[in-house]
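As structure tokens, the structure follows; a few thoughts come after it.
The values are calculated or read from the model by the stated rules, or taken from the named source; none is laboratory data. Keep in mind that what you see is a predicted model, and the values were worked out from it rather than measured. Methodologically, a virtual Cβ is constructed for each residue, glycine included, from the backbone with ideal geometry; neighbour enumeration extends over all protein chains shown. Each accessible area value is taken on the protein alone, full model and side chains, heavy atoms only, with ligands, DNA and RNA left out. Shrake-Rupley method; radii C 1.70, N 1.55, O 1.52, S 1.80 Å.
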Amino acid sequence: MTKQMNMNRIHVFILALGMLFPMMAVAQTDVALDTEFGGRLAVGMDKKIVKGLHVSLAEEVRFDNNFGSLNRLQTTVGVDYKVHPNVKVGIGYAFINGYSASNQAFKNARHRVMADVMGTLRLDDFNLSLKERLQMTHRTGDFNAYQNPANALMLKSRLMVKYKGFDFVKPYAYVEMRNYLNAPVIAAAYDGSNYFTLDDYSETGEAGWFLTGFNGGYVNRWRGSVGIDVKIGWHNTLNFYILGDYVTDKVVDANAEGTKLKSYTREKGFKVWAGAEYEFAF
């Protein structure tokens, strides 16, 4: 009898551990997205105020779903100042008007503010630059506060090399890493492949869970690009480029009350952008 009771206790203890450890370390299900192709077209101006101080304005339109639908309209204004022959700082604001192809309507607008620091080193005919950008994107309208923060905070680091040995043509290449600094962090019941129910109120595929905060930092984007700047006059420049964009997004699907978790996935996808820009500088 005592032996049977001890075995029952062991079984209960193992079952409790099996429920406890997934709560402590939540896993995600990886979802691979299809490769997509998109396009970007932009026109902008750059105005010199005094030596080292410039203001800029740009309008951009993006297409995605293999060029089949509108992605967004984006207006950006900025100010930058050269504090040293090799160091430039800047601030900017972008109004992002995203478009939903499924609903055939514009989404709630987003507002983005940016702060930049860029250092440049000249090596013979090559320019090597490192740019750090801290940006915050504010969501408007209704959204699920248990899935996304109201103000997404990102840190982007870009390393670029540009060849300046030609008179009117300047080829370049860069790599960029983007860190998501305040992603949602959750604790949930997960057995390694599926979520399981902890209470009598959750349905199949849902789990007892809770949001622990928005301090989950991770690298969610790697970019690589090759392009060419073509100067077609004293004030006019064309830029053509190809951009590869590898994205990893942790996606939380929870109800609006924050009482049920339907899924916690890690979506991975690759998108190729072809872009063209025109800039008037004066």
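A few comments on the model shown:
- Residues in the range 232-273 that are in contact with a Leu (Cβ under 8 Å, 6 or more places away or on another chain) and under 30 Å from residue 54 (Cα atoms) were compared, and the one that is surrounded by the fewest Cβ atoms within 10 Å (Cβ to Cβ) is 232.
- Tally of residues being open to solvent by 30 Å² or more (accessible area, probe 1.4 Å) and at pLDDT 95 or above across the range 167-205: 10
- Among the residues of the range 214-229, the ones that are surrounded by 14 or more Cβ atoms within 10 Å (Cβ to Cβ) and over 22 Å from residue 175 (Cβ atoms) come to 2 in all.
- Whenever a residue of the range 130-153 is in a strand (DSSP E or B), its partners that are among the hydroxyl-bearing types (Ser, Thr, Tyr), lying with C-beta atoms within less than 6 angstrom and at least six residues away or across chains, give the pairs 132/157; 152/137.
- In the range 106-148, the residues that are more than 16 Å from the chain's Cα centre (by Cα), under 25 Å from residue 265 (Cβ atoms), open to solvent by 40 Å² or more (accessible area, probe 1.4 Å) and not acidic (Asp, Glu): 107, 108, 141, 143, 145, 146
- Any hit, the range 122-129, residues being at pLDDT 90 or above, more than 30 Å from residue 65 (Cα to Cα), of a type in the set (Phe, Trp, Tyr) and in a strand (DSSP E or B): yes
- Condition check for residue 64: open to solvent by less than 60 Å² (accessible area, probe 1.4 Å), of a type in the set (D, E, K, R) and over 20 Å from the mean Cα position of the chain (by Cα): no
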